[in-house]
Structures are given as C-alpha cells and as structure tokens.
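The values are calculated or read from the model by the stated rules, or taken from the named source; none is laboratory data. These numbers come from a predicted model, not from an experiment. Methodologically, a virtual Cβ is constructed for each residue, glycine included, from the backbone with ideal geometry; neighbour enumeration extends over all protein chains shown. Note: accessible area is taken over every heavy atom of the protein model, side chains too, but ligands, DNA and RNA are not part of it. Shrake-Rupley method; radii C 1.70, N 1.55, O 1.52, S 1.80 Å.
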Amino acid sequence: SNVKQFLDQLYEKLPADVKNFIVTKRTLLEKRYSASGALTDSTGWGWADIGKLWLPSEYEVFGSVCWGTKGWSLGQAVQYPVFANSWKNRIKGAGPKGPRCYWWLLSLGGGSSSRACGVGYDGASYAWSASGAYRVPLCFRFVRKQKS
C-alpha cells in the first residue's frame with residue numbers, strides 16, 4: 001500500500017544508530033482476498049511481518065473492534081496502555097501547534113471494499129474512504145542490545 005511504502009521510506013531516513021535498535025513487528029493480520037472480486041469483509045487471518053514502522057490497529061487504539069470486520073480484525077491485538085481510558089492521547093495535532101487532525105489505522109473497514117479505519121480529530125473511531133489523505137502515526141519497537 002501507499003502507507004507501507006511511505007513508512008518504509010521514512011525508516012530508511014532514520015540514523016543508523018536508531019535503526020539498529022528497531023525490530024520488525026510480526027502480527028496476526030486480517031486477510032481480505034477473493035479471486036472473484038472485491039470483498040466487503042475480511043475472511044481470515046494469517047501471520048505477517050508488517051515492518052519496522054507500522055500503524056496501530058483499531059483494537060490497539062480503542063480496545064475493541066468498532067468499524068473493522070468482527071472476529072477477523074481482532075487478531076492477537078491488545079490495547080496499548082497509552083490509549084486506554086482516555087481520549088487525550090488519541091487526539092493528534094498536525095505538526096507543532098498545528099490543528100487537530102485525522103489519522104489512519106491498520107484495520108480495514110468492515111462492510112465495505114473501499115474503507116479503512118481511522119481516528120478523528122475528536123479522538124473517536126471512524127471508517128473512511130481509503131483514498132483520503134490523512135496523517136499516519138508511527139509505531140515501532142526498540143530492543144536493547146546487550147553489551148558484549
């Protein structure tokens with residue numbers, strides 16, 4: 001996807017001493033595929049490496065599946081503590097002192113072949129046309145390297 005390409009290009013711009021500590025995320029990802037045409041809901045899941053930088057899923061932000069395909073959008077997700085019990089950390093700004101903005105999530109919108117999940121300027125869950133130009137949050141995992 002365009003988002004994945006953007007995140008991969010952004011990762012390449014990071015300093016080497018930062019990249020050395022970022023590890024790839026492997027997750028149980030929903031699948032939506034049919035040789036006969038577009039599907040409106042996910043039909044399964046499978047393990048996938050989603051990169052060194054990624055978007056959080058709907059469940060990782062909200063602690064439940066709101067707009068994704070019930071059952072398949074859940075995967076092995078656990079809500080990130082930073083988003084639990086507060087809308088405050090779901091509301092993002094467009095740069096330093098910028099206005100509130102919309103941002104994408106990893107999850108696909110259920111019931112539609114052209115929607116993806118996101119977070120609104122108010123911190124609420126939404127499903128929008130996947131062609132929209134919204135912000136992307138960066139998620140990554142650091143590992144501490146042992147000194148030898």
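Summary table below
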read-out: Charge context of R100, other residues only, Cβ under 13 angstrom, K/R +1, D/E -1; value: +4
read-out: Most fluctuating residue given options G37, G63, G71, as computed from a GNM of the chain linking Cα atoms under 10 Å; value: G37
read-out: Normalised contact order of the stretch 51-103, rounded percent, pairs of Cα under 8 Å and 6 or more residues apart; value: 26 percent
read-out: Relative contact order (%) - the stretch 1-81, alpha-carbon pairs under 8 angstrom, separation at least six; value: 29 percent
read-out: For the chain, built as a Gaussian network whose Cα springs stay under 10 Å, the top-fluctuating residue of D49, D17, D122; value: D17
read-out: Spatial extent of the stretch 1-85: Rg and Dmax, with the Cα atoms as the point set, Å; value: 14.9, 46
read-out: Additional length obtainable on full extension of the chain from I91 to Y121, 0.36 nm per residue less Cα span; value: 10.2 nm
read-out: Overall Cα dimensions of the stretch 17-147, principal axis frame, Å, largest first; value: 52, 37, 27
read-out: Sum of side-chain charges, G123 neighbourhood, beta-carbon under 11 Å (Lys, Arg +1; Asp, Glu -1); value: +3
read-out: Accessible solvent surface per residue of the chain, calculated while the other protein chains remain in place, 1.4 angstrom probe, Å²; value: 62 Å²
read-out: Shape box of the stretch 59-113 [Cα atoms, principal axes, largest first, Å]; value: 38, 27, 13
read-out: Dipole of the chain, positive end: most advanced residue of G63, W128, G46 [Cβ charges, Cα centre]; value: G63
read-out: Whole-percent carbon and sulfur share, accessible surface of the chain, 1.4 Å; value: 55 percent
read-out: Relative compactness, the stretch 94-148, computed as alpha-carbon Rg over 2.2 N^0.38 Å; value: 1.54
read-out: Given charges at beta-carbon only (K, R positive; D, E negative), |dipole| of the chain in Debye; value: 500 debye
read-out: Lysine pair count for the chain [Cα-Cα under 21 Å; pairs on different chains or 8 or more apart]; value: 17
read-out: Alpha-carbon centroids, the stretch 77-98 and the stretch 1-59: separation in whole Å; value: 20 Å
